[in-house]
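Single-structure report; data block below.
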Amino acid sequence: MTNPSQANHTIDVTFVATVIADSNSGWLCVQMPDSAEFFGTKKAVKIGGTVDGYDYDATMLPVGGGTHMMPLRAPFRKVLQKGLGEQVSVHLTRRIT
């Protein structure tokens, strides 16, 4: 079994989240509760996986309280046809850093 707290490893975690506006940056994003515990760090983590079945790579950024947020860039939200307040299914498959 791989350790999600180590870089360059396969991971397998799925969660459903609502697209929200980050309170600091205003960026539209989703949050992964307890992500600091899962990843073993409160620092930024580069990940890969899918959102609603579409391949997506991003940097998950810490927002406090052991939670990371994953920004959803505007062109990608357009592909998803999702916006503020809508739910997406996130499947993380790789931890890059």
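The ranking of 47, 11 from fewest to most other beta carbons within 10 Å of each one's beta carbon is 11, 47. Measuring nothing but how far apart in sequence close Cα pairs (under 8 Å, 6+ apart) lie, relative to its length, the chain scores a relative contact order of 41 percent.
Neighbour counting of Cβ atoms within 10 Å sorts the residues 77, 95, fewest neighbours leading, into 77, 95. A Förster radius of 35 Å combined with the Cβ-Cβ distance from residue 24 to residue 3 puts the calculated FRET efficiency at roughly 0.75. Residue exposure proxy: 68, 91, 9, ordered by other Cβ atoms within 10 angstrom of their Cβ from fewest to most, comes out as 9, 91, 68.
FYI, it's all coordinate maths here, none of it is from the lab. Please read all numbers here as calculations on a predicted model, not as lab measurements. Quick reminder, even Gly has a Cβ in these numbers, built from the backbone with ideal geometry, and neighbours come from all protein chains shown.
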